[in-house]
Every structure is written in structure tokens, then in C-alpha cells.
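**Student:** The following block contains the structure, expressed as C-alpha cells.
The values are calculated or read from the model by the stated rules, or taken from the named source; none is laboratory data. The structure displayed is predicted, hence computed values, not measured ones. In this analysis, Cβ positions are derived from the backbone assuming ideal geometry, glycine residues included, and neighbour counts consider all displayed protein chains.
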Amino acid sequence: RDGPRAELGRYAKANVKGKIVLAFVGDPPARRRSLRRRRDDLLRPLVLQIRSGAGRRCDRLPGHPRGRPGVLRLERAQDQLLERALPRARAQARDPADARAARLDLERRRRAIAKRNGKSLAEWHELALRPDFKPITTRLRLQGKLVTHDRQVEDVNVLGRLPGASEPDEAVFLTAHWDHLGTDELLVAAGQDGIHNGAIDNASGIANMLGVAAELAHQARADQPLDRSIVFLATTAEEQGLLGSRYWVANPTMPHDQVVAVINLDSMNVYGRTKLVEVVGWGQTTLEDILIEVAQQQGRSVVGDSHPEAGSFYRSDHFPFAQVGIPALYFHSGFDMVDGGSEAGEALRAGVRQRYHTPADAFDESWSFEGALQDRLSEETQNVLSRLLGGAPDDEQVEVSE
């Protein structure tokens, strides 16, 4: 059995042996189902087959173990932020078993590839979003050599649990990854600072988690116990393909059906207060409805991710939980600032992008952390958690998307 992603292969009742599959990055449109648990996911990537002979069929997504072809990911111009989503100077598989997935720079060739096959990249992308999309066979051929080295590294997840009073067997999970990218040896060799500090991504998320844990523990000691338990999961190897969270999902410390929800903390707003809350992966769960109520109490609006093409919903630690049907929520501040509006916010966003996954992601004494307090420590996360940890009415149904 291939697990929760086995259903994904319906797109490709096509002959792919000896071929290379090209797929666009980014989030497909979400569709909700009236189910509390849904154990599959219907990603619909654009699949382009480079001709290279005939063979047996493969009905699995790119990157899925066993029987898959080679995989390349096509990025449009607006997808270039993903270039820094994975460690530089190394082929990076999103799945530990995905030994044949590789990343090549197709930026200079992408328009030529599309033109030679009679479609622009934009047209290909529109086709990929259609529910009746079928794989397209191109006239391209690829020749090259890829050398990989396998090195086993052991690391740890860290868990803490605050037991509930009346429903201790049910739990809400708070996740944050404690790892980052290590050292860039090329920069160090050149006499430059090569240490990836990861101050925002994701020391800020871990600080957030510890702050929430301290506050909830204080409440419990003050005779304000939680109904449900809360589990704090600090994951390792998120930057290497969500390995820590995938490991927990595959080797859970409690049954999946006792996990009520997951809230993911990844990269806090270290700047000022904002008018908006952005949900990453908008439409994936009705946990958003609780967030909307909480945000309205603050006088804030909740909107979808302003850059869904970055694929952030699929690149953070809540996603492995969502894959097995556990409602998962990942949100952060929008960049419409209380002081300075969207103009000030966009300037801050540009700086965040410039420092993202570089040694420049280091602590800055000018950070006010007012946005972090607004979002997570004192208000948003605490209030959402209070709703979830207090126990839901019997008729309240939490839905997750396909």
C-alpha cells in the first residue's frame, strides 16, 4: 500500500518509462469536502512528457517512490522565490525516497521549451488547472549525468505535552521547526559569513512556541486547566523536505484520529502590527472559520495567501498532518501595516524575501515584535487554541479539503 498519496496517480494513465516528467510548482485550487477526515490529496500538476521510448505505465505523482520517471519542476517567472526554498548548490528531494528527483535551472530555456511545443508557459499553466487536464507529450529530449551521494544523519524531534483535564486523550498540536540550513561552505571559503542563522525562519517560530507553552502552563497552574491536551512538536529537518514532521506522522506517539487539529508556527512577523491575517493554503480547512472570528475581535480581516504560487502550504510542517486528514492551519500577518499601510508593508516584505534562506536572516535589534505579539503570543494563536482546547460542541464539524 502506498499510503495517503496513492490516490494521486489518476492524472497519469500514460506511458512514462524512460521519460522525464515536467511539473509546475505552486498550489492548485482547494476544494472542501464535508468530511472531518479525508485521507487523500488531489494535486493536479502540469505533466509534460519528454519522448524517450515506450514502456509500462506509471500512475503515481512525480517524486512518489517506485515506478516513477525522472522529474523536473518548471518554474514560471513569479515562482522564482522557490529557488531559495531549498538549500543551494545541492539537488534537493522533497521526499527522502525520491532519489531520482533533481532540480535544474531551466530559466534560460523555459520560453524556448514552450515555443518549440506550440504553447506558452502561461497556456500550459492554465491547462494544468483544468479538471479534465491530460498529460502533454513534448518533442524535447534530455541528455545529462547526475551524480548523487547518500549520507545518513540522525537527528531528533522534541515533544512536550500539557495534559488536558476532561479530554486528555484528544490533543491539539502546535508545530514549529527548529532546524535551518547550516553553513554555506562556499561563502566561508571566500572569507564571508556563511552561517545561516535562521532568525526569522524559524528561531522566531520556536520562540513563539515556547511563549505559548509558558502561558498555557501558567494558566494550568492557576486552576484554569485545558479540556484537551496540547502537544508541542519542535521538528527537525523541515528544510530538508519536512522530514521531522513526516517521521512523526509515520510513527505517531498518539493515534491520528485523536489529533483534533494542528497549528503551524513558521516565521513570525517581527515587525509592527498589521490589519490583515493571511491563511496559507486558503480553503483547506474550516479551522479558518475559527480564525476569522478571532481576527474580527481584533478588528482584523482574514485573507488568502498573497503569494500562493510559492507553494508554502506544501512546504511547511503542517502538511504531512493534512495529508492524513488532520485539520491543519498555517497563518501569518499580512503586510498591510497599522502604521504605514501597504506601502510600508511591501517594503518590509521585500526585505524579508531578500534575506530568505541566506546568512542575512539574522537577529536585528530594530525589530519591535509587536506583530508577533498580535499574531501569536498574546492574541491570535492563544484565542484559536482556547477554542480548540476547550472542547468543541458535539454538532461542530471540522472539515478538511481534498
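**Student:** Looking at (1) outside any loop (DSSP other than H, G, I, E, B); (2) surrounded by 11 or more Cβ atoms within 10 Å (Cβ to Cβ), which is the one condition that is false for ASP155?
**Tutor:** (1)
**Student:** Please determine, by comparing only the residues of region 305-342 that are under 16 Å from ILE200 (Cβ atoms) and of a type in the set (Ser, Thr, Tyr), which one is modelled with the lowest pLDDT.
**Tutor:** SER312
**Student:** Assess whether ILE290 counts as being among the β-branched types (Val, Ile, Thr), more than 17 Å from MET268 (Cα to Cα), in contact with a helix residue (DSSP H, G or I) (Cβ under 8 Å, 6 or more places away or on another chain) and assigned to a helix (DSSP H, G or I).
**Tutor:** Here the answer is yes, as ILE290 does meet what is asked.
**Student:** Now, a different point. Given the structure, is GLU379 at pLDDT below 90, outside the structural domain of LYS275 (by TED's automatic domain parsing) and surrounded by 13 or more Cβ atoms within 10 Å (Cβ to Cβ)? Write out each step before concluding.
**Tutor:** Values: at pLDDT below 90: yes; outside the structural domain of LYS275 (by TED's automatic domain parsing): no; surrounded by 13 or more Cβ atoms within 10 Å (Cβ to Cβ): yes.
So GLU379 does not fit the description; no.
**Student:** Here are the criteria: (1) buried (at least 23 other Cβ atoms within 10 Å of the Cβ); (2) within 25 Å of SER229 (Cβ to Cβ); (3) of a type outside the set (D, E, K, R). Tell me which single one SER312 does not satisfy.
**Tutor:** (2)
**Student:** Something else: Residues LEU159, LEU210: which one is touching a residue at least 40 places away in the same chain (Cβ under 8 Å) and not β-branched (Val, Ile, Thr)?
**Tutor:** Working: LEU210 fails: touching a residue at least 40 places away in the same chain (Cβ under 8 Å).
So the residue among LEU159, LEU210 that is touching a residue at least 40 places away in the same chain (Cβ under 8 Å) and not β-branched (Val, Ile, Thr) is LEU159.
**Student:** Additional query: Within the set of pairs 6 or more residues apart or between chains, which connect a residue that is in contact (Cβ under 8 Å) with a residue 40 or more places away in the chain and of a type in the set (A, V, I, L, M, F, W, C) inside region 331-346 to a residue that is buried (at least 23 other Cβ atoms within 10 Å of the Cβ) and in a loop (DSSP other than H, G, I, E, B) with Cβ atoms less than 8 Å apart?
**Tutor:** PHE331/VAL280; MET337/TYR271
**Student:** A further question on this structure: Do the conditions hold for GLN297, that is, is it over 21 Å from ALA207 (Cα atoms), buried (at least 21 other Cβ atoms within 10 Å of the Cβ) and in the same structural domain as ALA213 (by TED's automatic domain parsing)?
**Tutor:** Details: over 21 Å from ALA207 (Cα atoms): yes; buried (at least 21 other Cβ atoms within 10 Å of the Cβ): no; in the same structural domain as ALA213 (by TED's automatic domain parsing): yes.
No, not satisfied.
**Student:** Among the residues of region 212-223, which ones are buried (at least 19 other Cβ atoms within 10 Å of the Cβ) and closer than 14 Å to LEU373 by Cα? Before the answer, list the steps.
**Tutor:** Keep residues of region 212-223 that are buried (at least 19 other Cβ atoms within 10 Å of the Cβ), which gives 212, 216.
Across region 212-223, the qualifying residue is only VAL212.
Conditions tested, residue by residue: (1) at pLDDT 95 or above; (2) within 22 Å of the chain's Cα centre (by Cα).
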position	(1), (2)
LEU210	no, yes
GLN224	no, no
ALA234	yes, yes
GLU239	no, yes
MET268	no, yes
GLY272	no, no
LYS275	no, no
